[in-house]
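K.L.:
Below is a structure I'd like to ask you about.
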Amino acid sequence: MVTVDKRIRVYPNLEPWMNREVQQLVKERNSAFRAGDRAHYSTARANLKRGIREAKADYRRKIEDHLDSNNSRQVWQGVQHITNYKTNLGAAEGDASLAEELNLFFARFEPHRKAMPAEAKNERYARLETLNNRSGETERDIPEYLEEAFFSECTANIMLLNTSGHFT
């Protein structure tokens with residue numbers, strides 16, 4: 001009869017709370033299961049649960065200590081590991097036509113604003129120039145439709161300046 005020895009490599013779990021003690025408890029539980037001893041397996045399983053609970057509590061305390069010591073780098077590394085965050089350094093696939101298609105698709109969900117008539121623009125500017133703050137008159141006395149139109153015009157101008165590279 002020929003027997004073959006087979007070497008199986010078991011890599012540790014990559015959980016941050018998995019330590020040598022927990023790994024030893026896992027080995028004890030597995031050996032008790034293979035032996036078929038129900039009583040020993042039951043106690044080994046209970047010990048493993050207790051060990052995992054303690055290891056997780058130790059890890060939680062370690063993360064909390066990082067918070068208390070204002071070690072933000074280690075805190076964020078812990079948060080990224082817990083949430084399984086991975087940075088995406090790759091650029092998005094596609095060209096300008098895809099971007100234009102997406103813009104057209106999502107633009108239909110935005111409310112369409114009417115262009116402000118030229119006389120309304122002039123009225124708004126004239127009204128702002130004539131405000132006398134000492135008499136108690138404020139910008140709140142200006143009709144709402146003029147304010148909305150002026151705000152949208154200013155926003156559009158700022159966006160134009162931002163995209164042209166003046167504020168970058």
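K.L.:
Within the range 71-87, track down each residue that is polar (S, T, N, Q), exposed (fewer than 10 other Cβ atoms within 10 Å of the Cβ) and at pLDDT 80 or above.
P.N.:
THR87, the sole residue that qualifies.
K.L.:
Does ARG50 satisfy the criteria of being exposed (fewer than 12 other Cβ atoms within 10 Å of the Cβ), charged (D, E, K, R), at pLDDT below 95 and touching a helix residue (DSSP H, G or I) at 6+ places or on another chain (Cβ under 9 Å)?
P.N.:
No: the conditions fail for ARG50.
K.L.:
Among the numbered conditions (1) surrounded by 10 or more Cβ atoms within 10 Å (Cβ to Cβ); (2) of a type outside the set (S, T, N, Q); (3) farther than 19 Å from GLN23 by Cα; (4) more than 23 Å from the chain's Cα centre (by Cα), tell me where ALA96 comes up short.
P.N.:
Result: ALA96 fails condition (1) only.
The values are calculated or read from the model by the stated rules, or taken from the named source; none is laboratory data. All of these numbers come straight from a predicted model, not from anything done at the bench. Every residue, glycine as well, gets a Cβ built from its backbone with ideal geometry; the counts of neighbours run over all protein chains shown.
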